[in-house]
Amino acid sequence: MNGTFADHSGDSPAWTPIAEEAFTAARVLHPQEALPRPSRRRIMTVANQKGGVGKTTSTVNLAAALALHGLKVLVIDLDPQGNASTALGVEHRSGTPSVYEVLIGEMSILDATKTSDQSPNLLCVPATIDLAGAEIELVSMVARESRLKEALTDEVLNELGVDYVFIDCPPSLGLLTVNALVGAHEVLIPIQCEYYALEGLGQLLSNIELVQAHLNPTLSLTTILLTMYDGRTKLADQVAEEVRQHFGEVVLRTIIPRSVKVSEAPGFGQTVLTYDPGSRGSMSYLDAARELAERGAKESR
């Protein structure tokens, strides 16, 4: 590894860990190459009814990685907690135009969309606390499972000019998650490399099949991302191996490590790519985003 930084610096022949991290951070924030555009716009629901698996974290960091590398990305925050909105630095106090108004038909997605301060390519439809009561309000509405799909028209998405749409779901299988599944083409499931990782996954897969059968025949599970990997434990390797055996090529090669920096970043209203771009967590999400983009560019559907 010696000399790695010297090759790029010109001034300092000495390699140091800090210098290497600074160089890595500069590469992340000012990339030389853009990631490839998908062959068609990808609308991906990020779902797992199990809490604490890195769902929102993966949504915002994959979105930020794609946006920083030349693609235009829209994040729809469908979780009343609004954690994705927080991490993207987007206002989501009660009364802010949000996905709630979109779902009940009071507002277009165009009017609710904000630009993140972390990249002009990174857009967000925020979630406010008003969304907490939306499940009850939706019950009596016509086409209650398709409210988000009706709002995500080609005309709207063409006007926004986005290549990717990520829908961040709450950790439940209620009407908000059903709306996300009906409105998407693809499902991305984050699975943590820990005990009970696959617990409850069968129920999520059954729900995806029900949505495919009755509401959205074009929906498919295309991506599984392994998160919270701790290389010090045998268990993490066993879980990763079990997931790969069960799901095969759907699982991304990149694994996201357990990282303090990744956990800290939302507290500063940032993704890890802007909070600490040279960190292991940042590089892992960038690698996962690159893999996602390369798969999307090859997709011929």
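Against the numbered list (1) within 23 Å of A127 (Cβ to Cβ); (2) within 18 Å of the chain's Cα centre (by Cα), T222 comes up short only at (1). Restricting the range 100-115 to residues that are touching a strand residue (DSSP E or B) at 6+ places or on another chain (Cβ under 7 Å) and without any contact (Cβ under 8 Å) to a residue 40 or more places away in the chain, the residue that is least open to solvent (accessible area, probe 1.4 Å) is A112.
Would it be correct to say that L235 is among the aliphatic types (A, V, I, L, M), farther than 30 Å from L138 by Cα, open to solvent by 30 Å² or more (accessible area, probe 1.4 Å) and in a helix (DSSP H, G or I)? Against the criterion (among the aliphatic types (A, V, I, L, M), farther than 30 Å from L138 by Cα, open to solvent by 30 Å² or more (accessible area, probe 1.4 Å) and in a helix (DSSP H, G or I)), L235 qualifies.
Do the conditions hold for P266, that is, is it closer than 16 Å to I191 by Cβ, open to solvent by 10 Å² or more (accessible area, probe 1.4 Å) and touching a Ser or Thr at 6+ places or on another chain (Cβ under 8 Å)? For P266, the condition - closer than 16 Å to I191 by Cβ, open to solvent by 10 Å² or more (accessible area, probe 1.4 Å) and touching a Ser or Thr at 6+ places or on another chain (Cβ under 8 Å) - is not met. Here I136 meets each of (1) under 16 Å from the mean Cα position of the chain (by Cα); (2) at pLDDT below 95; (3) not in a loop (DSSP other than H, G, I, E, B) with one exception, condition (1).
Within the range 139-181, the residues that satisfy the criterion of being open to solvent by 50 Å² or more (accessible area, probe 1.4 Å) and basic (K, R) are R144, K149.
Among the residues of the range 89-98, are any touching a residue at least 12 places away in the same chain (Cβ under 8 Å) and within 22 Å of L181 (Cα to Cα)? For the range 89-98, residues touching a residue at least 12 places away in the same chain (Cβ under 8 Å) and within 22 Å of L181 (Cα to Cα): present. Among the residues of the range 144-189, those that are among the polar types (S, T, N, Q) and more than 18 Å from the chain's Cα centre (by Cα) comprise S146, T153, N158. Take I224 and decide whether it is open to solvent by less than 30 Å² (accessible area, probe 1.4 Å), modelled with pLDDT of 95 or more and touching a Phe, Trp or Tyr at 6+ places or on another chain (Cβ under 7 Å). Yes: the conditions hold for I224.
The values are calculated or read from the model by the stated rules, or taken from the named source; none is laboratory data. What you see is a predicted model; the values in this text were computed from it and never measured. Every residue, glycine among them, receives a Cβ derived from its backbone with ideal geometry; neighbour counts consider all protein chains shown. Note: areas computed on protein heavy atoms with side chains; ligands, DNA, RNA excluded. Shrake-Rupley method; radii C 1.70, N 1.55, O 1.52, S 1.80 Å.
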